[in-house]
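A short write-up of the structure that comes next.
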Amino acid sequence: DGIEDGTPASASVTIRNSPPSQPIIDISPGTPEVHNGLFCFVSGESEDLDGDPVSYSFRWSRNGQPDVSLSPNVPPEATSPGDHWICEVTPSDGLDEGPAASRAVDVHVDVVPRISAGGSLTCRISTDGSYGCWGEASGDPAVDFGQVSGAPPESFFRVEVGTDHGCGLRMDGSVACWGRNDLGQGTQTLGTFLDLGVGPFSNCGVRPDGEIVCWGAAAFWNEAPPAGPWVEVDVGEGFACARSDDGVIACWNGGPQPPAGPVWTGLSVGE
């Protein structure tokens, strides 16, 4: 009171940290195809009222299952046809996390209507994945290996036929084969594929990582497929050829080599 101090009093306040706001995110490409990688990015930054610097963590899930990758990138070999990917991005100012943002994309599968003709059968496929096969076996039991009657009742996005067998590429990237199987050409091969080539007695498929796997008579060939990565494959009688994403074609097991120089956009192999 100017002469003596009274009993002191005290009060305290805590300055709360303001967590960052929810960011805006996107995925590129927005409609990925089977050979595309995925990139998740922040297109609208989070706001932090305290002015703290904001960092972001990325988490992917694939078909409802968490993915181990915390990177914004998903490599092309990690995706499969029909995949449903979700990217979740969480902002942090070093003290608190803000609300996460998420975005989803589906790996797009185009079903191109086409006809594939082989030795004793022909198959056609429609835009909805339905298909039908017909041929010599429908009227001649002596050459009936089930190449027509044994075609499975399901949908594919690609159907190819050989001499007396056929194979289809399912929407999930798995393969089903039917018909003549004396060399293993009518067996199913495990795993997923992005492309499928069927020859008279052999089949080859391109894995998501660009590796080529062959079965049937090709399992006995002297030469293995060349190292990729490849995006397309087709099979002849006793040899096969593959095309890379940058337009290079290579053939193996005695197949004719294409002229050097041109950039190739498609591939078809005959006898």
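Observations, loosely collected:
- Residues located in the range 72-102, provided they are among the small types (Gly, Ala, Ser) and modelled with pLDDT of 90 or more: 92, 94, 98, 100, 101, 102
- Taken together, the residues in the range 1-28 that are touching a residue at least 60 places away in the same chain (Cβ under 8 Å) and under 19 Å from residue 88 (Cα atoms) amount to 9.
- Filter result for residue 114 (more than 30 Å from residue 62 (Cβ to Cβ) and open to solvent by 50 Å² or more (accessible area, probe 1.4 Å)): no
- In summary, residue 141 fulfils each of the numbered conditions (1) farther than 30 Å from residue 42 by Cα; (2) touching a strand residue (DSSP E or B) at 6+ places or on another chain (Cβ under 6 Å) with the single exception of condition (2).
- Complete set of residues in the range 16-59 that are closer than 24 Å to residue 96 by Cβ and aliphatic (A, V, I, L, M): 24, 25, 42, 49, 54
- Of all residue pairs spaced 6 or more apart or on separate chains, those with beta-carbon atoms under 7 Å, a first member in the range 138-159 that is in contact (Cβ under 8 Å) with a residue 24 or more places away in the chain and a second member that is in a loop (DSSP other than H, G, I, E, B) and open to solvent by 40 Å² or more (accessible area, probe 1.4 Å) are 145/180; 147/180; 155/130; 155/171; 156/170; 157/171.
- Restricting the range 67-101 to residues that are β-branched (Val, Ile, Thr) and part of a loop (DSSP other than H, G, I, E, B) leaves a set whose member that is nearest to residue 38 (Cα to Cα) is 79.
The values are calculated or read from the model by the stated rules, or taken from the named source; none is laboratory data. A quick note: this is a predicted structure, and the numbers were derived from the prediction, not measured. Here the Cβ is made from the backbone with ideal geometry for all residues, glycine too, and neighbour counts use every protein chain on show. Side chains included, ligands, DNA and RNA excluded: accessible areas come from the protein's heavy atoms. Shrake-Rupley method; radii C 1.70, N 1.55, O 1.52, S 1.80 Å.
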